[in-house]
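Below is one structure, written out as structure tokens; the observations come after it.
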Amino acid sequence: MKKVLTFGLLVLVGLWVTGVVFFGRTASSKVDDQIAEINTVLLEQTLPVSLNKHSYDSGFFSSQSRIQLNIDRENREALVVDVDLDIYHGPIMLTPDGLKLGAYYIAFTPDMSFLVDENKEAKEFLDSFGERRPLSGHFLLGLWGGQDIGLELAPFTFSNDGHSVSLENGVISTFSSDEDFSRLKSTVKFGALSFEDKNEALTVDIAPSTLTTDITEFYAGSMLTGELEYTLDNVITRSKGSESRIEGITLRSDNDKNDAGLYGNAHFIVKSIASDDENLKAMFSKPLNFRFDISYEGLNEQATREFSVINQTLNHQMYVALLSNKGVSSLEALNEQNFDTYMLAMAALVEQGLKFDYGFTLGKGDASAGVDIAFEWVDAEGLMAKKTFRQLLTACQVDLKASVDKAFFADTNLKDMAQIPVVSGYAVVTEQGIESHADFNRGELLLNGNPVPYLEQMGAALDTELPWAK
């Protein structure tokens, strides 16, 4: 039995050594391949950025390398950022972050001293990190595809001319994806952030917060299906003797698809908004709460993919324009050139079955005020088939409801102002408070049940050609 165990142990050790030798020999070429692949993408996107390998020192268990990020700038010397790499050879690696299983584990640290060359005041900011590395990260390449990426911004406290900013515990982020980046999971933890302006007697304290994503289908920089959630406990602002608090902040989005297309919903919630400022207390004596909701369904998946590609392309072109140092003129030219393309792609999203609903509610205790708008495209032909504004109006339905409870403004100096929509005829008084209901159905508009002859007022504008009809 001992011989069998000994033999098995020798086999495992032999496989591990073989793996270390294999991955060690291929590590340098892997770095070259990754640099070449990134440079190809940068070139395709016409970004004035490139990478090159400056040095490489090979070892048995690990290797060290330095790569350079080069940013070309018109009429100025190129900006060079050095990045140091510690490359651990798989399949089993003992790294500063613990034992790892994979092909390679690469710890990278950019040299931030280039900031000092660009701006002498940046030295004081870099000094605020003390002995800590301002920015660092890692990359783990799995044995069977997939990759994990980590990025960390170190804690710091920086003061200058009566202003100060402090980040506790830094920012720690982890990302994992498949080989094609079609799926993505991530967690980003933000430490407590504080600002102070002694000149204005102002402080802002933002509690630690967390952003998590589980994207099951990631395409052209957009989430087609998946989940996203951001949570923040509170934001406290103090200014000249008064304090304001925003508590219980949550942002969540859920997206999926079925036979009818893409669908999803998102909500933004603030559990409490309170202040001891006299002006705000005169309007609202009790803490407020806020909720904003969006939902959609029937969104054509193929049209959404095409729109995502165009949107990603425009974003890249905007980055290029900003890096080119041509200023606003470059961005204006970009907008003029691509506006039509962007609008056409957006119009192609609207077809039969598309529903979009959004609304918000501002609450105070049991009372509330809110607005809800529901849109549906009901015509068999999509928006792109419509040539005039008149045709567009007869192809959709919109339902708008707004309401304010009596108790919402009861103890405020706004209760008289709330009567203005009633006097103007836009709202009616109900048992609960004030309500307005606009129902738009294929060109016909009812306001609180009464027809509104808006078509006569629009006149010739109804037959104006839509941009894609020209």
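The values are calculated or read from the model by the stated rules, or taken from the named source; none is laboratory data. Because the structure is predicted, anything quoted here is derived from the model rather than measured. FYI the Cβ positions are ideal-geometry reconstructions off the backbone, even for glycines, and counts take in every protein chain you see.
Going by the structure shown, is D214 in contact with a Lys or Arg (Cβ under 6 Å, 6 or more places away or on another chain) and within 24 Å of E297 (Cα to Cα)? Criteria met by D214. For the stretch 90-106, a tally of residues being assigned to a loop (DSSP other than H, G, I, E, B) and within 18 Å of D178 (Cβ to Cβ) returns 2. Of all residues in the stretch 365-388, those satisfying the criterion of being among the acidic types (D, E) and over 11 Å from V350 (Cα atoms) are D366, D372.
Of E243, E247, E217, all but one fail to be in contact with a Leu (Cβ under 7 Å, 6 or more places away or on another chain), assigned to a strand (DSSP E or B) and of a type in the set (D, E, K, R); the exception is E217. The residue that is modelled with the highest pLDDT, among those in the stretch 159-172 that are small (G, A, S) and at positive phi, is G170.
Exactly one residue out of T464, T388 is modelled with pLDDT under 90 and touching a strand residue (DSSP E or B) at 6+ places or on another chain (Cβ under 7 Å): that is T464.
Checked against the criterion of being within 30 Å of L202 (Cβ to Cβ), among the small types (G, A, S) and in contact with a Leu (Cβ under 7 Å, 6 or more places away or on another chain), the candidates S173, S159, S177, S164 yield just one match: S173. Only one of the numbered conditions (1) assigned to a strand (DSSP E or B); (2) of a type outside the set (G, A, S); (3) surrounded by 15 or more Cβ atoms within 10 Å (Cβ to Cβ) is not met by E229, and that is (3).
Taking the criterion of being of a type in the set (A, V, I, L, M) and touching a residue at least 40 places away in the same chain (Cβ under 8 Å), the residues of the stretch 202-233 that qualify are A220, L224. Do the conditions hold for K286, that is, is it at pLDDT 75 or above, assigned to a strand (DSSP E or B), farther than 24 Å from L466 by Cβ and basic (K, R)? Considered against the rule, which asks whether it is at pLDDT 75 or above, assigned to a strand (DSSP E or B), farther than 24 Å from L466 by Cβ and basic (K, R), K286 comes out as no. Being surrounded by 14 or more Cβ atoms within 10 Å (Cβ to Cβ), at pLDDT below 90 and in contact with a strand residue (DSSP E or B) (Cβ under 9 Å, 6 or more places away or on another chain) holds for only one residue in F195, F190, F129, and it is F129.
How many residues does the stretch 250-264 hold that are in a strand (DSSP E or B) and either loosely packed, with under 15 Cβ neighbours inside 10 Å or of a type in the set (D, E, K, R) (or both)?
The qualifying residues number 6.
Once the stretch 315-348 is narrowed to residues that are surrounded by 15 or more Cβ atoms within 10 Å (Cβ to Cβ) and modelled with pLDDT of 80 or more, the residue that is nearest to P467 (Cα to Cα) is L344. Taking the condition loosely packed, with under 14 Cβ neighbours inside 10 Å and either at positive phi or of a type outside the set (A, V, I, L, M) (or both), does S424 pass? It is true that S424 is loosely packed, with under 14 Cβ neighbours inside 10 Å and either at positive phi or of a type outside the set (A, V, I, L, M) (or both). Return yes or no: is G98 within 26 Å of G59 (Cβ to Cβ) and modelled with pLDDT under 75? Answer is no for this residue. Number of residues in the stretch 376-386 that are touching a residue at least 24 places away in the same chain (Cβ under 8 Å) and either touching a Gly at 6+ places or on another chain (Cβ under 8 Å) or surrounded by 15 or more Cβ atoms within 10 Å (Cβ to Cβ) (or both) equals 6. Please specify each residue of the stretch 141-158 satisfying the condition of being crowded, with 18+ Cβ neighbours inside 10 Å and either at pLDDT below 85 or among the polar types (S, T, N, Q) (or both). Correct list: L141 only.
Considering the stretch 198-211, and only residues there that are crowded, with 16+ Cβ neighbours inside 10 Å and among the polar types (S, T, N, Q), the residue that is modelled with the highest pLDDT turns out to be S209. Under the condition of being among the polar types (S, T, N, Q), out of contact with any Ser or Thr (no Cβ under 8 Å at 6 or more places or on another chain) and buried (at least 18 other Cβ atoms within 10 Å of the Cβ), the residues counted in the stretch 387-417 number 1.
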